[in-house]
Amino acid sequence: MQFTNERRLDDGVVERGFSLGDVPGILWTPGSESTRVPLILMGHPGGLGKMYPRLVGRAQHSASMGFASATIELPGSGDRPRLVGVDEARADLRQTLAAGEPVDGIVDRLILPLVEQAVPEWQAALDALLELPRLGGPVGYSGGVIAIGVRLAVVEPRIAAAGLFAGSYVPATILEEARQVTIPLHVLLQWDDEGNDRQMALDLFDAFGSREKTLQANLGGHTGVPQHAAEDAARFFLRHLS
């Protein structure tokens, strides 16, 4: 891991850009002098540039609770090379949804290549981040793409709790993997999300093997998440990472 820039935000949070090989990322740490802080890995749908305002807002909120946050660019997004076949799968998905036809095979083509590449990159980033002196764990995962969060919850024992956003399609293989997830979960579902299959999200929640799992469903579209939903997610991480 190489740090590429550093700045201090108005609330004292320290923001540092980094690169891990060809994968760019950002780390935010609280401005307090506490020696070891928990870490939240912040998932997003790709494109650090366009997602930055929302990511920094989430990071500052986490820092106010004493947590560090980190994110990395997804494969095929930003300045990273495009994933072969994914753009075609995305176009096919739009056409198939418009025709009202089944999308299972297209979802696999769209999501699985992303999961297969992104999860090892997240694990490599976590290896490097936990070597830094201020980051001691425990570790949480927050956000989407939800299939990435599910796979990470299955294969990465260092993740103690996850707050997942049910805002993207889920391949059948990920639905099966969800039965192996046992960590505490807080799942957010926007009931009228135009880019999500509501029943698929409900089936995924039902499949999770966790004994502690909460589904918070709110009326509204993909970007209409109410403020109180963020506050509820924050309380979830305070319970499990503090």
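Taking the numbered list (1) part of a loop (DSSP other than H, G, I, E, B); (2) loosely packed, with under 12 Cβ neighbours inside 10 Å; (3) within 19 Å of the chain's Cα centre (by Cα) in turn, GLY49 passes all entries but (1).
Mind listing just one residue for me: the one in the range 128-160 that is part of a strand (DSSP E or B) and in contact with an Asp or Glu (Cβ under 9 Å, 6 or more places away or on another chain) and, of those, nearest to PHE205 (Cα to Cα)? Across the range 128-160, the extreme among qualifying residues is TYR141.
Candidates are the residues of the range 9-44 that are crowded, with 18+ Cβ neighbours inside 10 Å and outside any strand (DSSP E or B); the one that is nearest to the chain's Cα centre (by Cα) is GLY43. Going by the conditions given, is ALA201 closer than 28 Å to GLY105 by Cα, part of a helix (DSSP H, G or I), of a type outside the set (Phe, Trp, Tyr) and touching a Gly at 6+ places or on another chain (Cβ under 9 Å)? Considered against the rule, which asks whether it is closer than 28 Å to GLY105 by Cα, part of a helix (DSSP H, G or I), of a type outside the set (Phe, Trp, Tyr) and touching a Gly at 6+ places or on another chain (Cβ under 9 Å), ALA201 comes out as yes.
Checking the condition over 23 Å from HIS240 (Cα atoms), out of contact with any Gly (no Cβ under 8 Å at 6 or more places or on another chain) and either among the hydrophobic types (A, V, I, L, M, F, W, C) or touching a residue at least 60 places away in the same chain (Cβ under 8 Å) (or both), which residue from VAL115, VAL119, VAL56, VAL86 passes? Give the steps one after another, and end with the answer.
Details: VAL119 fails: over 23 Å from HIS240 (Cα atoms); VAL56 fails: over 23 Å from HIS240 (Cα atoms); VAL86 fails: out of contact with any Gly (no Cβ under 8 Å at 6 or more places or on another chain).
Residue meeting the stated conditions: VAL115.
Looking at the range 155-180, which of its residues are modelled with pLDDT of 95 or more, of a type in the set (Val, Ile, Thr) and buried (at least 21 other Cβ atoms within 10 Å of the Cβ)? The answer is ILE159, ILE174. The set of residues in the range 72-99 being polar (S, T, N, Q) and either more than 21 Å from VAL170 (Cβ to Cβ) or surrounded by fewer than 18 Cβ atoms within 10 Å (Cβ to Cβ) (or both) consists of GLN95, THR96.
The values are calculated or read from the model by the stated rules, or taken from the named source; none is laboratory data. These numbers were taken from a predicted model, which means no experiment stands behind them. All Cβ positions, glycine included, derive from the backbone under ideal geometry; neighbour counts span all protein chains shown.
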